[in-house]
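Okay, so here's the structure we're looking at.
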Amino acid sequence: MRTWFHVHHVAWSALSLAMTAGVVAMAGDVLVPVPNLSRGDLDGVPLALIAPLAASAVLVRGVYAGPADLEAVAVRPTGAYRAGLVAAACAASLLAGLLLTGAVPYGTAAARNLVGFTGLALVASRWRRDAATGVPVAYMIAAMLLGGGSGTGSPWDWAIIDSPGPSSWAVPVTALALGLTCSVFPGRERAPS
């Protein structure tokens, strides 16, 4: 098991989660200015909502760092290990976000974004593992440029709003559930040439 943790960069994933939590806690109300194309003005997106992209990328790249052809024939359930690692990381960030709701302004929303970005990356990795981290980045950019922002967004632009409502959690939780399913049942691997 220690070898699996080493191959899949579990220590780096934990470090990136801790560093992202630190950035979210220190960022406070720092806004990243982004032009909003739907309204035609300059809007600001909290840095704390963008920071989970980095932790999600490190986590997903680490989860799929092992040799796919060897893991496909392994006796141990490597898909379940992958899903367990992702679920533990997302649960830890959600727990931290909920416990520190009063102290960290965007803690819960940042944890939600980590869940959603990780789910999107896991789903995208079903088709192309090496480009999976680009899908959450593209989604975030689209939400920043076209989303409602200021807490009045629709369910698709959950990544840029700080809303405790259930509609802002629907897409991230669904993406994570699909992503975990994809990581447990990765589909057919191409036979090596």
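Annotations for the structure displayed:
- Within the range 111-136, residues that are touching a residue at least 40 places away in the same chain (Cβ under 8 Å) have Cβ atoms under 8 Å from residues that are open to solvent by 10 Å² or more (accessible area, probe 1.4 Å) and not in a helix (DSSP H, G or I) in these pairs: A121/T133; S125/Y64; R126/P186; R126/G187; R129/Y64; A132/Y64, counting only partners at least 6 apart in sequence or on another chain.
- Among the residues listed as L100, L95, L120, the single one being under 20 Å from the mean Cα position of the chain (by Cα), crowded, with 20+ Cβ neighbours inside 10 Å and of a type in the set (A, V, I, L, M, F, W, C): L120
- Residue in the range 18-36 that is surrounded by 12 or more Cβ atoms within 10 Å (Cβ to Cβ) and under 19 Å from A121 (Cα atoms) present: yes
- Every test in (1) under 30 Å from P67 (Cβ atoms); (2) surrounded by 15 or more Cβ atoms within 10 Å (Cβ to Cβ); (3) over 15 Å from the mean Cα position of the chain (by Cα); (4) at pLDDT 80 or above is passed by W127 save one, and that test is (2).
- Residues of the range 137-164 satisfying the condition of being free of Cβ contacts under 8 Å to residues at least 24 places away in the same chain and surrounded by fewer than 17 Cβ atoms within 10 Å (Cβ to Cβ): A138, I141, A142, G151, T152, S154, P155, W156
The values are calculated or read from the model by the stated rules, or taken from the named source; none is laboratory data. Source: prediction; values computed, not measured. Heads up, the Cβs are rebuilt from the backbone with ideal geometry, glycines too, and the neighbour counts pull from every protein chain shown. Only protein heavy atoms, including side chains, enter the accessible area calculation; ligands, DNA and RNA are left aside. Shrake-Rupley method; radii C 1.70, N 1.55, O 1.52, S 1.80 Å.
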